[in-house]
Structures are given as C-alpha cells and as structure tokens.
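Below: the structure, in structure tokens.
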Amino acid sequence: MDEFTRLKSDLKNNIQINGEFFKGMVLKNPSVVYLKLNELAKFVGYRYGIILEIHFPDHKKIYDTNNYGTENMSIIIDKFRKLFPIPRDRIKEEANKRFGSDSIVVDAYMYEGKEGVRVKFRNKEGENSRLEILPGSFHVWAKIDETIEDFCNWLMLNVYPERIKNQQVFKQKK
C-alpha cells in the first residue's frame, strides 16, 4: 500500500475509534470537535514524519462526521522549503496525465524565490476541486477519490522523499 493511502487509512481508523465522541459532540460544540479532529490528525501525521491538518472551508461540513478524513487536508513536510527537488514541469506533467484535459495545471506562488503548482479540476461529483502543491507541502481542497489518492501517493514518493528521514528523527525523539 502506498504511503498516502496508509496515512489516510490510519487517520480514518483513528477517527472511527472516536466516532461516538464526534457524533455526540458536534451539535453541542463543533469547535471542540475541530480541535480533537486535528489533534488526531497531528498524532497520525507525526508517525509519518509530517504535519497533517484537516480543514473545513465550508463550515457546515463539520456536521458530516461520516466524511471526516476524506477531504480538505494539508500535508506539511517542510514549510520552509522554497524549491521542488524535481523539476516543476515534471509535477505539472504528472498532474495533467492523471487529471486529464479538463484540468487546469498552472504555476502558483511564484514569488520571493518560491515555486508551486495549482491543479484545478472537477471531481467525479462535478464539484470544483483543487490541489495546491508547494515544495514543502501539499493541500487537497477536494473529496479524495482514487485519482487524487493515487496522485498524492506519487507526490509523497517523488516530491517529498525526505519525510522518511523525518520519520526516523521523530522515532529517535520518542
């Protein structure tokens, strides 16, 4: 199993273990649910040598507890890195290949010596979706389907290989 897939599965398992808490608390205090959910995400991310965050760009989605961990995630490996370890065009080529001709793949965040890639597309439900890919992180603003998951696995392997080194550092700190 690929690393992003394992990460997502691990997160989903941790969320399911705490499912009754989320369902019982979300109507009473969604802020507490948000904090607990991101506490779990950080716990899972730590084991993979990354910072994992879950977002709710549409605040109403916090009430949909069944979809926690399946959309709108940030994976942060090194927030200070400004350049990709592989040519940016290789990332754009891979995104175009995976998301097809209906996607828009462009350079983004190109200032102060930084680089990035933005991928816009429609998901299988026809919703506008996007990926923000930066040298030290990537952000999924979409419901994660097979295509997105596969591309995120490719990113973890080809763009962020130093996370393996991060895992070893985190394990030594324990």
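A short reminder: the numbers here are calculations on the coordinates, not readings from a lab. All values derive from a computational prediction rather than experimental measurement. Every residue, glycine as well, gets a Cβ built from its backbone with ideal geometry; the counts of neighbours run over all protein chains shown.
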| task | Based on the mean of other Cβ atoms within 10 Å per residue, sort peptides 127-134, 24-31 so the most packed one is first. | result | 127-134, 24-31
| query | Where the centre of each part is set by its Cα atoms, how far does segment 77-135 sit from segment 1-58, in angstrom? | reply | 24
| note | Set Lys36/Lys97; Lys60/Lys114; Lys23/Lys114; Lys36/Lys92; Lys61/Lys92, cut-off 32 Å on Cα-Cα distance; pairs above it are Lys36/Lys97; Lys60/Lys114; Lys23/Lys114; Lys36/Lys92
| Peptides 70-78, 5-13 ordered by average Cβ neighbours within 10 Å, highest first | 70-78, 5-13
| said: For the chain, what does the helix formula give at 222 nm: sum of -39500 (n - 2.57) over DSSP H segments with n ≥ 4, over the residue count, nearest 500 deg cm²/dmol? | reply: -14000 deg cm²/dmol
| query | Just the C-alpha atoms of segment 10-63: what Rg/Rh do they give, with Rh taken as the Kirkwood radius? | reply | 0.97
| said: I need Lys92, Lys42 ordered by Cβ neighbour count within 10 Å, fewest first. | reply: Lys42, Lys92
| message | Loop-only chymotrypsin sites (Phe, Trp or Tyr not before Pro) in segment 39-98, please: DSSP not H, G, I, E or B, and at most 13 other Cβ atoms within 10 Å. | response | Phe80
| Which one of Asn128, Phe151, Ile76 has its Cα pushed farthest toward the positive end of the charge dipole of the chain, where Lys and Arg give +1 and Asp and Glu give -1 at the Cβ? | Ile76
